[in-house]
Ligand code: ATP
């Protein structure tokens, strides 16, 4: 068991491209940390530097209290699970699981005991005599996980391990990985571009963009208090809506005016706006689809419902204001016809306010 600490880590590839810029991150012992961000943001590079598969250009990487910049991957007390399971095709599942332990000259009895325990945890006991090609994608992924588990590493590193599975199996394996983390009580570092995986699995999430950490926090905090417009738009599906707004102060109260709709901010938000001198300024207002409401005629901003998607548990309505499309999420019981006139308003307690220049949150 171990914590992982990255201090001022940077990676510049041989062609001069800087994939990771000055990363500082402490991953706690037994934590499930998810590195998430769009393709190319540097998450795999970061994971590979932790694993020792990629040289660190600048900075220091620690596993536990040990500086590991120059430590061989095999001596780092880590195990990595990749997107392609990389099982040995000519070996049985048992031998695939045993391979790493045999190389380490682990006694035969101990290998057997560890494999039996791991197979039980993963529910692959009946498959031990099969070869990889006789297994389904989900079963192969379990064997790949098993191969990491039998080694009893201090840290599990996983790079998009579920992306080759179909949607249903992915959801199932997501739950199994959470269970596995609880059972093993070991540090997990998990890379994905999928914000749903990050939200559902991480004890904390590290959102990355262009080689830079944008925010590190628990999923709920990331969702409810995104640090900037990038995090706000990347996390959450459907995406947060962004509208131009102006803040004003009247008799000590703070109002946000959005497309002609004036909303009084709550006490907390008002306090922040006053403290940071934003009264009288233009800001970017973010509002999640579930915080947009349909209201009675003339009680909100007028629009037209363009498309609606029924997802069973809720209904998404796409509507336009001044030619820009927005989304609201509501009860499936609501009935709105194509091109029907609607009026929308926003939950004043759920408004996100961002500086237009820096794109950082004001709240
Ligand atoms: P993905 O989800 O697509 O794997 P990622 O966030 O994991 O993306 P990385 O694989 O870490 O991104 O790559 C970060 C950036 O570094 C990308 O722009 C990529 O093109 C670049 N990169 C990766 N490997 C190399 C390399 N060996 N040489 C030069 N540039 C590289």
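The values are calculated or read from the model by the stated rules, or taken from the named source; none is laboratory data. Here the structure is a predicted model, which means the values were calculated and not measured. Don't worry about glycine lacking a Cβ; one is built from the backbone with ideal geometry, like all the others, and counts go over all protein chains shown.
Residues that are surrounded by fewer than 17 Cβ atoms within 10 Å (Cβ to Cβ), modelled with pLDDT of 95 or more and assigned by TED's automatic domain parsing to the domain that holds residue 193: does region 75-89 have at least one? No, because not a single residue in region 75-89 is surrounded by fewer than 17 Cβ atoms within 10 Å (Cβ to Cβ), modelled with pLDDT of 95 or more and assigned by TED's automatic domain parsing to the domain that holds residue 193. Take residue 66 and tell me if it is under 21 Å from residue 153 (Cα atoms) and out of contact with any helix residue (DSSP H, G or I) (no Cβ under 8 Å at 6 or more places or on another chain). Yes.
Counted as qualifying within region 279-363 are the strands (runs of 3 or more DSSP E) with 2 or more residues that are over 26 Å from the mean Cα position of the chain (by Cα), in contact (Cβ under 8 Å) with a residue 40 or more places away in the chain and closer than 26 Å to residue 230 by Cα, namely 282-287, 341-346.
Has region 267-274 got any residue that is touching a strand residue (DSSP E or B) at 6+ places or on another chain (Cβ under 6 Å), surrounded by fewer than 19 Cβ atoms within 10 Å (Cβ to Cβ) and either assigned to a loop (DSSP other than H, G, I, E, B) or in contact (Cβ under 8 Å) with a residue 60 or more places away in the chain (or both)? No - not one qualifying residue is present in region 267-274. Taking the criterion of being touching a helix residue (DSSP H, G or I) at 6+ places or on another chain (Cβ under 8 Å) and away from the ligand (no atom under 15 Å from the Cβ), the residues of region 182-203 that qualify are 183, 184, 188, 199, 200, 201, 202.
Assuming residue 211 fulfils every condition listed in (1) in contact with a strand residue (DSSP E or B) (Cβ under 7 Å, 6 or more places away or on another chain); (2) closer than 21 Å to residue 325 by Cβ apart from one, which condition is it? It is condition (2) that residue 211 fails. Take the conditions (1) within 22 Å of residue 345 (Cβ to Cβ); (2) at pLDDT below 95; (3) surrounded by fewer than 18 Cβ atoms within 10 Å (Cβ to Cβ); residue 300 misses just one of them, which is (3). Checked against the criterion of being within 30 Å of residue 17 (Cα to Cα) and in contact with a helix residue (DSSP H, G or I) (Cβ under 9 Å, 6 or more places away or on another chain), the candidates 229, 254, 222, 287 yield just one match: 222. If the condition is being crowded, with 16+ Cβ neighbours inside 10 Å and under 21 Å from residue 218 (Cα atoms), then region 1-29 contributes 2, 3, 4, 5, 6, 23, 25, 27. Taken as a whole, the structure places residue 260 among residues that are under 25 Å from residue 357 (Cβ atoms), touching a strand residue (DSSP E or B) at 6+ places or on another chain (Cβ under 8 Å) and at pLDDT below 95.
Within region 159-170, restricting attention to residues that are over 16 Å from residue 202 (Cβ atoms) and part of a helix (DSSP H, G or I), the residue that is modelled with the lowest pLDDT is 169.
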